Amino acid sequence: MGHQESLSDAFRAEARVEFAFLVEDAGFSGPEQTDVGLLFHSSDLDVEVWFLDRHEPTVATLVTPVAPDGARTRGVWLDELYVLSGYGPAQDVPDSAPTRRATLKRVHQHAAALRRLMPQLLAADGAQLIARCYQD
């Protein structure tokens, strides 16, 4: 019998591939493995991609501004940023991951949404976009 990797391991492997654009195209470092996923760093932003394997498994992506002194501020969920930026509804960035297939599909959906948002997040008004999420 073959050994099937755990869903958490499959999630991390898929997220490494799908979110590689952060390192290759956007100047992030990482990924760093965390207890629940992967963490990518830049001088201005941290991006955390999580697989929360609980009663109702979910995939979540958190974008957190980093202050000039290196302090992290409050993060914003990717679906909130996506909606506020006018790219589409929150359903375009679903989090429910009840099966292996759904979990890996969510990784693709989150990476695609973040790829669309990155030019705006890295622009001068990126911090303002994140701040607007705090107001809603």
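The values are calculated or read from the model by the stated rules, or taken from the named source; none is laboratory data. Keep in mind the model is a prediction, meaning the values are calculated, not measured. Cβ placement follows ideal geometry from the backbone for every residue including glycine, while neighbour counts extend to all protein chains displayed. What goes into the accessible areas is simple: the full protein's heavy atoms, side chains included, and nothing from ligands, DNA or RNA. Shrake-Rupley method; radii C 1.70, N 1.55, O 1.52, S 1.80 Å.
Here are some notes:
- Against the main long axis of the alpha-carbon atoms of the chain, helix 100-122 sits at an angle near 20°.
- The distance between label points at ALA124 and ALA112 comes to 3.3 nm (points 7 Å beyond Cα on the Cα→Cβ vector).
- Between 0 and 90°, nearest 10: helix 126-135 axis offset from the chain longest Cα axis: 80 degrees
- Once both labels are positioned 7 Å from their Cα atoms along Cα-to-Cβ, the gap between ASP35 and ALA13 label points is 2.5 nm.
- Segment 31-136, dipole about Cα centre (Lys/Arg Cβ +1, Asp/Glu Cβ -1), debye to the nearest 20: 380 debye
- Of the GluC sites (Glu not before Pro) in segment 2-90, those whose Cβ has at most 15 other Cβ within 10 Å and which sit in DSSP loop: GLU5
- Pairwise label distance in nanometres, THR58 with GLU5, each label 7 Å out on the Cα-Cβ vector: 2.5 nm
- Taking the accessible area of segment 78-136, probe 1.4 Å, and keeping the other protein chains in place, the carbon and sulfur fraction comes to 52%.
- Proximal charge balance of GLY88 [Cβ under 14 Å; K/R count +1, D/E count -1]: -1
- This model, with +1 at the C-beta of Lys and Arg and -1 at the C-beta of Asp and Glu, gives segment 8-59 a dipole about its Cα centre of some 80 debye.
- Cα-based Kirkwood hydrodynamic radius, segment 1-132, one decimal, Å: 15.0 Å
- In Å², nearest 10: area of THR58 left accessible to a 1.4 Å probe: 20 Å²
- Scattering curve values for segment 1-63, log₁₀ I(q)/I(0), Debye with Cα scatterers, q = 0.11 Å⁻¹: -0.27
- Relative to the longest principal axis of the Cα atoms of the chain, helix 7-18 runs at roughly 50 degrees.
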